Each structure stands twice: as C-alpha cells, then as structure tokens.
Amino acid sequence: MLTDRDTPLATTAQAAAPPEGGSACLVSIYGPELGRRWPLDRDELVIGRDPGCEVALPIDTVSRRHCAVRVRGGAVFVADLGSTNGTALNDDALAAQQELALRSGDRIRVGSAVLKYLRGDDVESLYHEEIYRTMIADGLTGAANRRFLDEFLEREMARCRRHRRPLALVLFDLDHFKKVNDGFGHLTGDAVLREVAAIARGQVRREDCFARFGGEEFAIVLTETDAAAARLFAEKLRGTIEVYDFYAGSERIPVTVSAGVAAMTLEMRDASEFVAAADARLYEAKTAGRNRTAG
C-alpha cells in the first residue's frame, strides 16, 4: 500500500563508520547523472537542484537544497532539509528535518531521482558492480531493463527453437497512467510503478524474466509455458493489480492494467517479431476497453 511522507517512518539504526580514506560514495542509479559517483570526502554533502550543491540534481522534483548526507561520530546519516517533495530511505519517507542512519547499499530517493550509498573496504569494486547493475536493471522499479530483456529473449528463443519447448511473452501496461501523474503528481506515479513492479515480481519464477519495457509498460518472459498457461498467468496478475489498494495519502488510486500474450512460433526469426506479436495483443486489450487480457 502506498503511503504519503507523513506515515510511520523507519527507525534510526546505528550505521558502521566509513573506512579510512573516504572509501564511501553516493552513486546515481536513476535520474540525471546516471552512473556518476560522489565521494564522501567531507562532513556534509548537500543534495539539491541548486548548482552550488555538492550533489546537484537539475530536475523539477528536487528542491534547491533538498537533503544532506552527513558524516558524524563514526556514522553516516541522511537528513531531509525541509524539501517540497520529500526524501526517502529505501522507500521509507523522512519527515522534514529528520535524520536516519545509512548502511551500505541503502537507496536514497530525492524527488524522482535515486542515489545509492556504497561503503566498504573495496568501494571501487562495489561501484563497478553497481554500474553493471544499472546496465541491466531499471533503477526505479528494480525490474530488468530493455537491454537485458532483449538478450534474454534472444537466448531463450534459440533454446526453445533447438529443443522444441514452449515460450510465452506477456506485455502489460497501466491503463490511463497519465491521469495518475496529472492528478497526483509524478512522484506518486513513480510510487505506483514501484508497487506494480513489486506485485509482478512476486508472481514471476526465478527462471523467468520480468523487465520494464518502457514508461508504464512491462514485459514478462515465461519459460516452459504455453499460450493457455500464459493467459492464466496474465489474467491472475491483472486481477491482483485491479483489487490492490494504491493510495496517495488517504485517497485510493484506481489502478488497472491491460495485458497482451503471445506464444513463440518457429516462424519468428528474432525477438522483435515476438515482441510485436505480444504488442499486437496488448493493443487489442486496450481497444476492447482496457483492464483485460488478450491473446
């Protein structure tokens, strides 16, 4: 369930001190400056839209002086500076002026941008691991990205063609998502996308692939799955999202999805043809009235 930034917050926990030599940093994993890192080489780094901030994020959802990361007493903390759109630590909202301790791997959401805090004996290796992760995963939802999806599809299509095994693809997107962004703001829209992704991820097997296809559209590759089983899967997911309680503050947000299902055929030469088949079924679902599955 989505909550606003005045709901119960995460408790402050003791954070380990960064190693000597300043081997701790912030890395942009979603939003502007993707992949850039900022070393924690001073007592405070202010994050904000103002170009004078140590970590400058030039986007409208970020306040001029939005939040700060502080090194104090052998620990590292993030503190909101009274920002307009709020700061969140691992999706737990901070109250204005509240300060929470950081642990390596924590995500700091600053408006619609996401930074990750890294600390360790070999922070360089941690950084390169994070850069690799940004190449294959979407920083907002945690789903695989389009690049990973394309590679996964090509590999699985070759395997299924070789062994004559079934393979299915589900494309789904949020109905009238622009109304969510226009009515509740883009930050709430981002939160809805994260919740939808979490729901979908909970229904996908380890051997399958769940990816953000683009914007509010997602893809699920179902291995060893025929068309009938894929339709049942997609319909179950659609129904789960329809009844789920999405909220902006105390107001419930109605969210539904439309889904298109395609099964691989031996005539499909590459992943683009497979995607086109599922996309055609998705179009059928949307033109038939949305909040339904086609395929």
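Results, tabulated for the structure shown:
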| read-out | value |
| --- | --- |
| Under the Debye formula (equal points on every Cα, no solvent term), log10 I(q)/I(0) of the stretch 125-269 at q = 0.20, 0.21 Å⁻¹ | -1.20, -1.27 |
| Helix 123-136 vs. the chain, principal-axis angle (Cα, 0 to 90°, nearest 10) | 30 |
| Evaluated at q = 0.13, 0.14, 0.17 Å⁻¹: base-10 log I(q)/I(0), Debye formula over Cα of the stretch 69-199 | -0.74, -0.83, -1.05 |
| Selection of trypsin sites (Lys or Arg not before Pro), the stretch 149-188, meeting DSSP coil and at most 15 other Cβ within 10 Å | Arg164 |
| 1.4 Å probe accessible area per residue over the chain, in Å² | 47 |
| With DNA, RNA and ligands ignored, accessible area of Met157 (1.4 Å probe; Å², nearest 10) | 0 |
| For the stretch 18-71: rounded, prolate or oblate by the Cα gyration tensor [a/c cutoff 1.5] | oblate |
| Between 0 and 90°, nearest 10: helix 146-163 axis offset from the chain longest Cα axis | 40 |
| Exposure of Asp122 as accessible area (Å², to 10), given a probe of 1.4 Å and all protein chains | 80 |
| Helix-derived mean residue ellipticity, 222 nm - over the chain, DSSP H n ≥ 4, -39500 (n - 2.57), to 500 | -10000 deg cm²/dmol |
| Rounded to 10°, Cα long-axis angle of helix 271-287 versus longest principal axis of the chain | 90 |
| Stokes-Einstein D for the chain, Kirkwood Rh over Cα pairs, 10 °C, 1.306 mPa s (µm²/s) | 77 |
| Lysines whose Cα lies under 29 Å from that of Lys179, excluding same-chain neighbours fewer than 8 positions away | Lys236, Lys286 |
| Percent accessible area from carbon and sulfur atoms, the chain, protein chains only, probe 1.4 Å | 49 |
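The values are calculated or read from the model by the stated rules, or taken from the named source; none is laboratory data. This is a predicted model, so every value here is computed, not measured. We place every Cβ from the backbone using ideal geometry, glycine too, and count neighbours over all the protein chains shown. Accessible surface areas use protein heavy atoms only, side chains included; no ligands, DNA or RNA. Shrake-Rupley method; radii C 1.70, N 1.55, O 1.52, S 1.80 Å.
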